[in-house]
1. How high is the FRET efficiency between His335 and Asp202 when r is their beta carbon distance and R₀ equals 25 Å, given to the nearest 0.05?
2. Could you please report the charge total around Pro233, scoring K, R as +1 and D, E as -1 over all other residues with beta-carbon less than 11 angstrom from its beta-carbon?
3. Need the list of lysines near Lys131 for cross-linking: C-alpha distance under 21 angstrom, and skip anything on the same chain fewer than eight residues off.
4. Label segment 163-296 by shape, choosing from rounded, prolate and oblate, from the square roots a ≥ b ≥ c of the eigenvalues of the Cα gyration tensor; if a/c is under 1.5 it is rounded, and otherwise prolate applies when a/b is larger than b/c, oblate when it is not.
5. Give me the percent of the accessible area of segment 45-112 that comes from carbon and sulfur atoms, probe 1.4 Å, all protein chains in place.
6. Give the shape of segment 350-396 as rounded, prolate or oblate, defined through the alpha-carbon gyration tensor: a ≥ b ≥ c are the square roots of its eigenvalues, a/c under 1.5 means rounded, and otherwise the shape is prolate if a/b is larger than b/c and oblate if not.
7. What do you get for trypsin sites (Lys or Arg not before Pro) in segment 190-236 restricted to DSSP loop and a cutoff of at most 13 other Cβ within 10 Å of the site's Cβ?
8. Of the accessible area of segment 266-306, with the probe set at 1.4 angstrom, what percent is carbon plus sulfur?
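The values are calculated or read from the model by the stated rules, or taken from the named source; none is laboratory data. Owing to the predicted nature of the structure, the values given are computational and were not obtained by experimental measurement. Neighbour counts are summed over all protein chains in view; Cβ atoms, including those assigned to glycine, are modelled from backbone coordinates with ideal geometry. Side chains included, ligands, DNA and RNA excluded: accessible areas come from the protein's heavy atoms. Shrake-Rupley method; radii C 1.70, N 1.55, O 1.52, S 1.80 Å.
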Amino acid sequence: MSRSLLLAWFIVASSPTLAAATPTPASAPLPAAAAAPASNPIPQPPAVDARAYILLDHDSGRVLAEAHADDRMEPASLTKLMTSYAVFAALKEGRLKLTDMVTISEHAWKAEGSRTFVQVGTQIPAEVLIKGMLVQSGNDATIALAEKVGGTEGAFAQIMNTYAKRLGLKSTNFENSDGLPSPNHYTSARDMATLSRAVVHDFPEYYSWYGLREFTWNNITQHNRNGLLLRDPTVDGIKTGHTDSAGYCLITSAKRNGMRLTSVVLGSPSIKAREDASAALLNYGYTFYETGKVKSRGELILQPPLYKGVAATIPAGSAADMYVTVGRGEFANLHTSATVKQPLIAPIAAGAVIGEFTVTAAGGEVVIRAPLVALRAVPLGGLWTRMTDSIALWFK
């Protein structure tokens with residue numbers, strides 16, 4: 001279609017008496033690999049023995065179950081999840097290498113609680129200390145890493161809190177790297193779930209270490225304290241924690257048929273109770289929910305008309321992969337629609353928000369709203385294009 005014909009069509013189509021407010025396609029169902037059954041009733045989440053918990057879908061971010069998820073709680077060794085996040089960030093930025101030798105200070109050597117049994121004054125590769133921290137929950141290895149990255153453990157705690165703010169953790173403050181009780185050292189189940197999601201997303205190259213079943217150092221073999229790694233082959237992380245005051249805590253992540261769920265259980269009365277609680281939450285999520293990708297990052301969704309640009313249209317799509325989590329059997333019945341701002345006038349930068357993409361359930365409930373962005377930049381057109389398009393705009 002020529003630019004002039006397209007422009008004429010757009011003038012008519014955009015009239016409020018003749019067309020919808022935006023040039024969008026009709027709402028359409030999402031493609032399905034096979035006919036989906038009718039959606040099943042979803043019962044209440046299982047009752048679990050914990051002071052607080054949350055169950056989260058990793059890709060969509062939807063919370064599937066929660067109780068007291070924002071209450072302030074002691075994280076115990078779940079703290080090491082943020083310690084590892086900060087260490088992995090240092091690796092990614094080149095401030096630390098896995099082969100760097102770390103000198104074990106007296107402060108690290110004297111650490112109470114779980115230990116990797118590193119000796120004061122020795123030099124140990126950072127990779128060994130990371131595995132000691134994640135598998136053995138070694139407080140000595142953890143403090144040694146904190147001192148290597150932050151200079152002192154106190155300075156490293158400040159780094160941890162900086163990352164907490166960047167990740168949007170609203171109920172968290174760290175005073176140490178290992179999670180031993182301290183007056184202003186606290187978190188929430190929701191914050192731990194958010195942090196877990198960030199670890200998996202930001203550092204996939206290191207994530208498999210959370211699922212190591214055992215680790216040996218100094219001729220001492222210790223097993224991962226997350227018993228679900230043995231009970232459930234789909235579980236691949238993440239971290240355990242325990243102090244007398246915090247109770248037994250567990251962050252568990254599992255992936256079944258491409259769907260990753262993360263459960264956080266805080267304050268259970270025993271190891272078995274925290275594992276049973278986490279297993280029950282995961283089974284609930286996988287039984288009654290499903291997650292699917294709606295759009296991929298950069299996928300073309302619309303090509304709406306554009307005024308005063310070097311091109312007569314502009315490609316619009318999603319800025320990120322878009323997932324939704326719904327009741328099992330409901331995904332095939334979802335509908336999508338897209339709207340764009342009126343009128344679109346060049347210049348428009350790549351990534352600029354120019355509309356909205358919406359996914360709705362069969363009953364009309366909005367499942368997700370996401371920005372529709374320009375997939376490429378479109379600069380101003382020539383003088384003639386700008387003049388003719390200005391005239392067209394007078395009729396809007």
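1. Details: r = 33 Å, r/R0 = 1.30.
Efficiency computed from Cβ-Cβ geometry: 0.15.
2. Numbers: positive: Arg231, Lys255, Arg256; negative: Asp232, Asp236.
Taking every other residue near Pro233 into account, the sum is +1.
3. The reachable lysines, counting only those whose Cα sits under 21 Å from Lys131, are Lys80, Lys92, Lys97, Lys110, Lys148, Lys239.
4. Rounded, since a/c falls under 1.5.
5. On the way: 1410 of 2990 Å².
Of the solvent-accessible surface of segment 45-112, carbon and sulfur hold 47 percent.
6. Details: a/c = 6.10, a/b = 2.14, b/c = 2.85.
Since a/c reaches 1.5 but b/c is at least a/b, the shape of segment 350-396 is classed as oblate.
7. On the way: sites: Arg190, Arg197, Arg213, Arg225, Arg231; in loops: Arg213, Arg225.
Those that pass, being in a loop and sparsely packed, are Arg213.
8. Working: 780 of 1620 Å².
Of all accessible area on segment 266-306, carbon and sulfur atoms account for 48 percent.
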